Structure formats: structure tokens, C-alpha cells
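Report on the structure given below.
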Amino acid sequence: AEKVLGYDLLSLCLEGPRDALDRTQHCQPAAALGSLSPQVVERCVAAAGYSVGEFAALVFAGALGFAEALYAVKVRAEAMQRASEAVPSGMLSVVGRREANYKFACLEARKHCESLGIENPVCTVSNYLFPDSRVIAGHLQALEFLQENARKYYFKRTKMLPVSGAFHTRLMEPAVEPLAEVLKSIEIQKPLLCVYSNVDGKKYMHSKHIQKLLVKQVVSPVLWEQTMHSVYERKQGTEFPYTYEVGPGNQLGAILKQCNLKAWKQYKHVDALEDEEAAET
């Protein structure tokens with residue numbers, strides 16, 4: 001990873017500084033690190049990755065080589081960082097009541113931005129996490145408006161995310177071309193197991209499909225809740241598979257619990273660094 005990126009990614013992950021790691025161009029490659037026990041890998045039937053984690057899922061499934069994927073992530077991260085710096089924007093995590101109408105809230109936030117003189121403002125759902133939870137992304141003024149009017153829109157909790165831009169919205173359009181170019185130059189294979197796309201929550205069909213949707217993903221909402229439904233769709237009485245979350249934190253496990261309790265009961269979190277430390281002791 002260090003050779004491809006030109007900096008010591010491991011030491012940045014372990015030692016920081018935190019603000020450097022929070023920068024888009026650094027935190028995206030960091031998400032690509034991870035390893036699992038061999039028998040789990042051999043028996044795996046499906047993979048999915050959240051946002052940039054989709055590259056890790058595709059590497060795991062044999063569709064992308066590690067070095068090529070990491071280089072594509074580097075290009076994607078740098079292009080998204082540049083797009084982020086062009087417009088003051090961000091992402092707001094929202095937990096809503098049943099009555100919450102996210103589309104209407106976003107529409108009113110855009111109207112508020114227009115009243116401030118912002119042309120063609122962006123405020124839209126960028127991540128579907130689980131029932132009653134979304135991430136909304138767009139101009140900072142729109143997100144501030146939603147926080148101030150949270151009760152009106154039946155939002156129980158709102159929290160700004162520590163990211164530098166409105167990812168998975170059209171504010172990321174400047175990042176589309178650089179990523180499209182680099183993916184054209186990379187050999188993409190058909191995955192050895194099912195990999196589900198963030199863009200539509202469905203299985204990737206072939207290499208051209210992967211190339212097309214990875215580019216589209218930059219400006220499309222992450223349909224994670226819908227993906228979870230696709231992954232765990234089973235006939236009545238069919239046993240649920242084991243699920244492993246690889247990497248730092250167990251946020252995807254927490255989301256899974258809200259989407260599919262049966263699947264969550266057979267969930268395990270695997271932190272590659274913890275495993276290495278256990279092996280050493």
C-alpha cells in the first residue's frame with residue numbers, strides 16, 4: 001500500500017494525526033486494509049462494501065487486484081477531496097420518527113439555500129442506512145437549516161459527520177471523470193462470488209457492469225438498507241449465513257441489527273489489527 005500511495009498508510013492509521021486521517025484522500029485507502037481466517041474466505045458466498053468499502057469487497061471477490069484497486073481509490077479520494085474543497089458542503093446523519101419525510105425536508109432546505117442566493121443548491125439523501133435512518137448531504141447551509149428545524153421534520157437525532165464533503169451527491173461530479181479514466185485502464189474480472197452494488201443493491205453481473213457502477217456510485221446514494229435486503233433474501237425456513245464485518249468499528253453490524261435481526265444473530269466483527277496482535281501474543 002505504501003508503494004502505491006507514496007506515504008506510510010499503516011503509521012497514519014495507528015499514530016495519526018486524526019485530522020490527517022479524516023481527510024478524504026487518506027481515510028478512503030485506510031478502509032481497504034483487512035484479512036480473515038482461511039476457512040471463512042473459502043466458504044464465502046457473497047460480499048458487499050459500504051461506499052469506498054465496495055472496492056475492498058471487489059478485491060476480496062477477485063474482480064480487482066489489490067494494487068490496482070488501491071490506486072483507483074487513491075485517484076477517487078483525491079478527486080473527491082478537490083470536489084469537496086470547491087463547495088462548502090458536508091453530511092448529516094439523521095435518525096427520524098416514522099412520520100419523517102426526508103424528501104420534503106431536503107426540498108425545504110434547498111429553498112432556504114435559494115433564499116440565501118445559492119444557485120442550484122444540493123440537499124439530498126446520500127445514504128440509506130436502516131429504517132428511520134438516513135444520511136443527508138449537500139450545501140452546509142442546507143444541513144444547518146435541517147439541524148435548526150429538526151423537530152419540524154420529525155428528526156429525533158441529527159449529527160454532522162466528520163467528512164470533508166457531500167459524498168454520493170452531484171457535488172462529486174468533478175470526481176467522475178478521473179475515476180472513469182483510471183477504471184478504463186484497470187483489468188476487471190468477473191467476481192468469483194456475488195458482490196452487491198451500492199448503486200442499486202443488486203449483484204454485479206460482469207466486468208463492464210462493475211466499471212460503470214463504480215463510477216456512478218460517486219454521485220449516487222448508497223442503498224445500504226436495500227442491499228442488506230438483497231443479500232439476506234431467503235425462502236421461509238432457510239438457514240441464514242454467517243456474516244463477518246472486516247475492519248475498524250462495527251457500524252455495519254449495528255445497521256444490520258436494525259435491518260435484519262435474524263442475520264445479525266450470526267454476525268461477527270473481525271478487526272485485522274486485533275487478530276495480528278492476538279497471533280503475536
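The values are calculated or read from the model by the stated rules, or taken from the named source; none is laboratory data. Please read these numbers as outputs of a predicted model, since none were measured by experiment. Quick reminder, even Gly has a Cβ in these numbers, built from the backbone with ideal geometry, and neighbours come from all protein chains shown. These accessible areas exclude ligands, DNA and RNA; they are computed on the full protein's heavy atoms, side chains included. Shrake-Rupley method; radii C 1.70, N 1.55, O 1.52, S 1.80 Å.
With respect to the numbered conditions (1) in contact with a Phe, Trp or Tyr (Cβ under 9 Å, 6 or more places away or on another chain); (2) free of Cβ contacts under 8 Å to residues at least 40 places away in the same chain, which one is the sole condition not fulfilled by Lys208?
Every listed condition holds for Lys208 apart from (1).
Checking Phe145 against (1) open to solvent by less than 10 Å² (accessible area, probe 1.4 Å); (2) part of a helix (DSSP H, G or I); (3) of a type outside the set (D, E, K, R); (4) under 15 Å from Val94 (Cβ atoms), which single condition isn't satisfied?
It fails just one condition, (1).
So, of the residues in segment 148-180 that are modelled with pLDDT under 95 and out of contact with any strand residue (DSSP E or B) (no Cβ under 7 Å at 6 or more places or on another chain), which turns out to be least open to solvent (accessible area, probe 1.4 Å)?
Among those that are modelled with pLDDT under 95 and out of contact with any strand residue (DSSP E or B) (no Cβ under 7 Å at 6 or more places or on another chain), it is Ser164.
Looking at segment 227-240, which of its residues are modelled with pLDDT under 90 and surrounded by fewer than 14 Cβ atoms within 10 Å (Cβ to Cβ)? Show your work before the answer.
Quick first cut of segment 227-240, residues modelled with pLDDT under 90 only: 234-240.
Selection gives Arg234, Lys235, Gln236, Gly237, Thr238, Glu239.
Of all residues in segment 67-99, which are in contact with a strand residue (DSSP E or B) (Cβ under 8 Å, 6 or more places away or on another chain) and either of a type in the set (A, V, I, L, M, F, W, C) or farther than 26 Å from Phe130 by Cβ (or both)?
Kept after step one, since they are in contact with a strand residue (DSSP E or B) (Cβ under 8 Å, 6 or more places away or on another chain), are these residues of segment 67-99: 87-97.
Hits for segment 67-99 are Val87, Pro88, Met91, Leu92, Val94, Val95.
Going by what's in this entry, would Ile118 be described as surrounded by 15 or more Cβ atoms within 10 Å (Cβ to Cβ) and free of Cβ contacts under 8 Å to residues at least 24 places away in the same chain?
Details: surrounded by 15 or more Cβ atoms within 10 Å (Cβ to Cβ): yes; free of Cβ contacts under 8 Å to residues at least 24 places away in the same chain: yes.
In short, yes.
Could you tell me whether Ser207 is assigned by the TED database to the domain that holds Val52, among the small types (Gly, Ala, Ser), open to solvent by less than 60 Å² (accessible area, probe 1.4 Å) and within 25 Å of Val41 (Cβ to Cβ)?
The answer is yes for Ser207.
Scan segment 69-84 for residues that are of a type in the set (Phe, Trp, Tyr) and under 16 Å from Pro174 (Cβ atoms) and report the count.
Within segment 69-84, the first condition is being of a type in the set (Phe, Trp, Tyr), and the residues that meet it are 71.
From what is left, the residues that are under 16 Å from Pro174 (Cβ atoms) are none.
Counting residues in segment 69-84 that are of a type in the set (Phe, Trp, Tyr) and under 16 Å from Pro174 (Cβ atoms) gives 0.
Is one or more of the residues making up segment 133-144 polar (S, T, N, Q) and under 22 Å from the mean Cα position of the chain (by Cα)? Quick ask: steps written out before the conclusion?
So in segment 133-144, the residues polar (S, T, N, Q) come out as 133, 141.
Subset that is under 22 Å from the mean Cα position of the chain (by Cα): 133.
Taking every residue of segment 133-144 in turn, at least one turns out to be polar (S, T, N, Q) and under 22 Å from the mean Cα position of the chain (by Cα).
Looking at segment 46-103 only, could you name the residues that are of a type in the set (S, T, N, Q), in a helix (DSSP H, G or I) and buried (at least 23 other Cβ atoms within 10 Å of the Cβ)? First the steps, then the outcome.
Residues of segment 46-103 that are of a type in the set (S, T, N, Q), as a first pass: 51, 81, 84, 89, 93, 101.
Remaining after also requiring in a helix (DSSP H, G or I): 81, 84.
Correct list: Ser84 only.
What pairs can you find where one residue is in segment 1-15 and free of Cβ contacts under 8 Å to residues at least 40 places away in the same chain and under 17 Å from Glu78 (Cα atoms), the other is small (Gly, Ala, Ser) and outside any loop (DSSP other than H, G, I, E, B), and their Cβ atoms are less than 6 Å apart, with a gap of 6+ or different chains?
Close Cβ pairs satisfying both conditions: none exist.
Looking only at residues that are at pLDDT below 85 and surrounded by 15 or more Cβ atoms within 10 Å (Cβ to Cβ) in segment 241-260, which one is farthest from Ala47 (Cα to Cα)? Working first, answer last.
We begin by selecting, within segment 241-260, every residue at pLDDT below 85; these are 246-249.
Now drop any that are not surrounded by 15 or more Cβ atoms within 10 Å (Cβ to Cβ), which leaves 246-248.
Working: Val246: 11, Gly247: 14, Pro248: 17 Å.
Restricting to residues being at pLDDT below 85 and surrounded by 15 or more Cβ atoms within 10 Å (Cβ to Cβ), the top hit is Pro248.
Looking at (1) crowded, with 21+ Cβ neighbours inside 10 Å; (2) of a type in the set (Phe, Trp, Tyr); (3) in contact with a Leu (Cβ under 8 Å, 6 or more places away or on another chain), which is the only condition Tyr196 fails?
(3)
On the given criteria, is Ser37 among the polar types (S, T, N, Q), more than 15 Å from the chain's Cα centre (by Cα) and either open to solvent by 40 Å² or more (accessible area, probe 1.4 Å) or modelled with pLDDT of 95 or more (or both)?
Numbers: among the polar types (S, T, N, Q): yes; more than 15 Å from the chain's Cα centre (by Cα): yes; either open to solvent by 40 Å² or more (accessible area, probe 1.4 Å) or modelled with pLDDT of 95 or more (or both): yes.
Judged against the criteria, Ser37 is a match.
So which of Leu193, Leu183 is more than 16 Å from the chain's Cα centre (by Cα) and modelled with pLDDT under 95?
Leu193
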